[in-house]
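Right, one structure below, let's go through it.
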Amino acid sequence: MSLGLGLSVGGGAAAAAAATQAGRSVVPYSNGHSVFVDGTETVKLLNQSQINNLINDSFTWAFWYHDTSISTGDLGGINTANSPAHAVRIRPVPVAPGVQFLQSVVTINGSTGSATTSIGTALANNTWHHIAMTVQKGAGGANTATVKVYIDGVEKQSFAGPTATNQEAANVQSDTTWGVGAAIEDDGNGGGFVSAYFDEVAFWDTVLPADDIGTIYNSGNGTSDLSSDFGSYNNSSNLQYYFRFENDYTDTKRNASDATTEGSPVFSTSPTPP
């Protein structure tokens, strides 16, 4: 199917499956578009104050991602080197046919946690994948956060993150933005670009449990509206920012301004969104 801007309705299978989860009734919703970035473009979602509010405490960041090549590049986040450094980013690293690594970094106020993990062929080409990162802030002081990264509802990484003191003190520089398509660097533009489709980018001010993440993944069929609870997903009230890319850059929670772009990303109906 060619890249297009016409409306198509997706998510029907997802809505039907979700309607049976935990006996909850779920109203089907239309997921007709994703956004495509060509390897030189980004979509910038959150500003300085919104990033600070997120990383000062526990949080979850999740999105759907579709790549035709699974190339090395940051799927999104921030990556500022100016002192103190801040970085939240996820990067697939293909090293040989059938061999991939996943590199994840969480640096807050100069305090760093990171992991590079072999994931085999967890990220297949030409397939929608659900990616989620959770950061559980430490109990206080020098206690470190617990960072987990999930691919398609399965935990792939768990590592120690920044200290609680550094999270609570975090204050990113004024022009910092959180993007998808690349991690946004000190100059306000992306670095480590990927060429891919993105959809349903969401941020919560809590750590989603594994059951919630699995419910959202829904065996690859996509999700119902994250603004409402369904199945074992009970954290809609903690959803802070939710960018659906339905032919616009609106945060459906209305807590953030419309996203801006670097370059000219294109809204797409193909491949069919999750």
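Being at pLDDT below 95 and charged (D, E, K, R), is that true of even one residue in the range 160-182?
Yes - at least one qualifying residue is present in the range 160-182.
Kindly establish whether Q173 is assigned to a loop (DSSP other than H, G, I, E, B) and within 30 Å of G140 (Cα to Cα).
Yes, satisfied.
Within the range 83-115, how many residues turn out to be outside any strand (DSSP E or B), within 24 Å of A142 (Cβ to Cβ) and not aliphatic (A, V, I, L, M)?
Here the count works out to 4.
May I ask you to list the residues in the range 246-271 that are over 20 Å from I51 (Cβ atoms) and of a type in the set (F, W, Y)?
F267
Go through the range 175-231 residue by residue and tally those that are charged (D, E, K, R), more than 16 Å from the chain's Cα centre (by Cα) and under 22 Å from I51 (Cα atoms).
Within the range 175-231, residues that are charged (D, E, K, R), more than 16 Å from the chain's Cα centre (by Cα) and under 22 Å from I51 (Cα atoms) number 4.
Can you tell me how many residues within the range 79-104 are surrounded by fewer than 22 Cβ atoms within 10 Å (Cβ to Cβ) and closer than 24 Å to I216 by Cβ?
Qualifying residue count for the region: 4.
Take T146 and decide whether it is of a type in the set (S, T, Y), within 22 Å of D38 (Cα to Cα) and touching a Lys or Arg at 6+ places or on another chain (Cβ under 9 Å).
no
Please go through the range 227-262 and pick out each residue that is in contact with a Lys or Arg (Cβ under 9 Å, 6 or more places away or on another chain), over 20 Å from W178 (Cα atoms), not in a strand (DSSP E or B) and not small (G, A, S).
Of everything in the range 227-262, just one residue is in contact with a Lys or Arg (Cβ under 9 Å, 6 or more places away or on another chain), over 20 Å from W178 (Cα atoms), not in a strand (DSSP E or B) and not small (G, A, S), namely D229.
Being farther than 26 Å from V93 by Cβ and of a type in the set (D, E) is true for just one of D187, D152, D211. Which residue is that?
D211 is the lone residue from the list that is farther than 26 Å from V93 by Cβ and of a type in the set (D, E).
Within the range 228-250, track down each residue that is surrounded by fewer than 21 Cβ atoms within 10 Å (Cβ to Cβ) and either without any contact (Cβ under 8 Å) to a residue 24 or more places away in the chain or closer than 21 Å to F36 by Cβ (or both).
Matches in the range 228-250: N234, S236, S237, E246, N247, D248, Y249, T250.
Each row is one residue, and each column tells you yes or no for (1) among the polar types (S, T, N, Q); (2) farther than 25 Å from P209 by Cβ; (3) under 13 Å from the mean Cα position of the chain (by Cα).
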| position | (1), (2), (3) |
| --- | --- |
| Y65 | no, no, yes |
| G73 | no, yes, no |
| A85 | no, yes, no |
| P92 | no, no, no |
| I108 | no, no, no |
| S114 | yes, no, no |
| T117 | yes, no, no |
| I131 | no, no, yes |
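Any residue in the range 44-53 that is in a loop (DSSP other than H, G, I, E, B), more than 28 Å from G231 (Cα to Cα) and either over 18 Å from the mean Cα position of the chain (by Cα) or without any contact (Cβ under 8 Å) to a residue 40 or more places away in the chain (or both)?
no
Here is a check on your reading of the model: is A170 hydrophobic (A, V, I, L, M, F, W, C) and surrounded by fewer than 18 Cβ atoms within 10 Å (Cβ to Cβ)?
The answer is no for A170.
The values are calculated or read from the model by the stated rules, or taken from the named source; none is laboratory data. Since the model is a prediction, treat every value here as computed from it, not as a measurement. Methodologically, a virtual Cβ is constructed for each residue, glycine included, from the backbone with ideal geometry; neighbour enumeration extends over all protein chains shown.
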